[in-house]
Amino acid sequence: MTTIEEVKTSYNHTIEEGDRNLSKVKRQIFHIGTIRLLIVLAAGFTCYWLWPDFSMIGLSIIAALVIYLVFAKYHARLFARKQYIEQLIQDARNELSALGYDFSPFDGAKECTDAGHSFSLDLDIFGERSFFQSINRTVTAFGKKGLVDMLLHPLQDKNRITGRQEAIAELSRKQEFIRHFRATGQVGDAQDFDYNALTKNIQAAKSGWWKIVPVFFLLLAVAVFALSFLNVIPAGVFPVYWFVMIIASILLARNIRHKLDFLDKRYEVIRTYSTLLKIMESEQFDSPLLKQIQEKIVTPQSASLAFAQLKKLGNNMDIAETAVGAMLLNPFLGWNVYYSNKILGWIVRHQQYIKTWFEAVGELDSLLSLAMFAYNHPDYVYPEVSDKREIVGKDLGHPMMNREKCVHNDICEPKFPYFMVVTGANMAGKSTYLRTVGVNLVLAGMGAPVCASSFRFYPFVLVTNLRTSDSLNDNESYFFAELKRLKMIIDRLEAGEELFIILDEILKGTNSEDKQRGSIALMKQLVSLGGNGIIATHDLELGNLEQEFPDAVKNYRFEADIEGDTLSFSYKLKEGVAQNMNACFLMKKMGITGL
């Protein structure tokens, strides 16, 4: 079994190897740059030496230019290689930071925060220092969206969960593949693309007359040139024709070209996706889910080859924007119209597959994040999906708590309906425990390993109420907001949903007597509706529910240990109702009361 230290060693090895390769590439870049300079100097010296033999000077310049361009192309490849290696090194450093619980290099998707969601706000799923930030390693916009969806909508089907577990476990063993995929996507800025734009405004490509425009341009150019050469028309007509056709090529292309504006400066991103697709096509997978994803991009045709064709068309389209294109190729060959039409034709031919291809890239990209999570946590376990409505786990910890300080606790919900009532003092660990259970249930539903020594769960729908707040915009009180949340839970239970409910301090927004009566009434209703979950409370009276519902309620506690002037916590979950409370003790320590 891999250890955390071995994981750290692997990243340090990547950095060391990257530094060696980077030094080598930098030397090559310097040498090639020197050669290019010498070619220029040699060409200048040759022209001086051959002067005034202009024919030989011309041949020398052409030869020097060809050699220079060959070295320039190689130089560009070396710079791309340098950028790729630098990205590999940076990724490894970021992972070492993450192992030290610094997740700042990664996107937390703050924009996805939703107070109305069943659990995401309560469990700090999105935003700075969020759970999403800790696991997010996506390099494409589609992968990020996929990972967000996985978190917001954990799976409820046993076969899909186990299938995803198998895929994540396989990918976690393919670290070279993951690093290559991620670095390629990052260097190529694969986050910057919208595939929906590819399928918009393409009706012009279906208009047949656009396809004959370049042919008309070519035939007209040949005819004018031939007639001018044969003196059938005055030679002065040709320059006029040339100028008119430059204007015509611009006007004709404008109507079709604006439909391709979204591709401007995006062809390098398209090249990146072509490379990512090729990486996916070339890898050998064993798990059915990964094979299914791969099948989407190779059937009925290779997606990487299709995108390579689009990139080539884009490169040719870019020539139309050069001086040679504008002055010669466009007016005489209709080059800009021809390749604009070719690109739109590519979209028409492939539009039924485009969405599937991008979604396949995104699905794999999101799975790679979970595979990295699994690799970075070799001590975590893949949970067993139970057919019985139960949640039983040993040594649960919160994935974002420092592994050296995290206190682990068990969970035992062996039947249905069943509620754990957790009492305890302030700061004793109740809220952390609730979030620990919640986050691990989300991980389990995603198919990822969980922070536990063992975990068996039924895929309930998770619903929480830990952080209700009042809404000034809706003129809504804290208490009313909490009631709405609780009403939503009751309605969903009555509708037959199988919920796992996590509540922290029910009815916090009302007085003690109301709170106690209301909390007991709510608990009885939840039990009667067949709910499962955990209720944390300061109200010790809720502990009496175990006597009323011995088969459906079990008391647990987090104790505060007070010895003289010393307050300490074990943060360990124990059976029974809490005995020690610490509010008065803390107030006295801080000089707030004379108790």
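The values are calculated or read from the model by the stated rules, or taken from the named source; none is laboratory data. Predicted, not measured: the structure shown is a model, and the values here were computed from it. As a convention, Cβ positions derive from the backbone with ideal geometry for all residues, glycine included, and neighbour counts pool all protein chains shown.
A few comments on the model shown:
- Entry remark, segment 422-447: residues being in a helix (DSSP H, G or I) and in contact with a helix residue (DSSP H, G or I) (Cβ under 9 Å, 6 or more places away or on another chain) number 6 in total.
- Residue match in segment 139-155 (condition: of a type in the set (S, T, N, Q) and surrounded by 17 or more Cβ atoms within 10 Å (Cβ to Cβ)): yes
- Residue in segment 314-323 that is in contact with a His (Cβ under 7 Å, 6 or more places away or on another chain) and among the aliphatic types (A, V, I, L, M) present: no
- Out of V463, V439, sole residue that is modelled with pLDDT of 90 or more and out of contact with any Ser or Thr (no Cβ under 7 Å at 6 or more places or on another chain): V439
- For segment 56-99, taking the residues that are within 28 Å of the chain's Cα centre (by Cα) and among the polar types (S, T, N, Q), the one that is farthest from D189 (Cα to Cα) is identified as S97.
- Among residues of segment 381-394 that are in the same structural domain as N409 (by TED's automatic domain parsing) and basic (K, R), those with a beta-carbon under 6 Å from a residue that is part of a strand (DSSP E or B) and modelled with pLDDT of 95 or more at least six positions away or on a different chain give the pairs K394/D410; K394/S454.
- Residues (surrounded by 14 or more Cβ atoms within 10 Å (Cβ to Cβ) and polar (S, T, N, Q)) located in segment 281-336: S287, Q292, Q294, S302, S304, Q309, N316, N330, N336
- Test: A306 is in contact (Cβ under 8 Å) with a residue 60 or more places away in the chain, in a helix (DSSP H, G or I) and of a type in the set (G, A, S): no
- 2 or more residues over 23 Å from P459 (Cα atoms), modelled with pLDDT of 95 or more and touching a helix residue (DSSP H, G or I) at 6+ places or on another chain (Cβ under 7 Å): qualifying helices (runs of 4 or more DSSP H) within segment 96-194: 158-172, 175-187
- Under the condition of being in a strand (DSSP E or B) and closer than 21 Å to I506 by Cα, the residues counted in segment 406-421 number 6.
- In segment 267-279, the residues that are assigned to a helix (DSSP H, G or I) reach residues that are among the polar types (S, T, N, Q) with C-beta atoms within less than 7 angstrom, at least six apart or across chains, in these pairs: Y267/N315; T272/T184; S274/S304; T275/T184; L276/T184; L277/S304; K278/S304; I279/T184.
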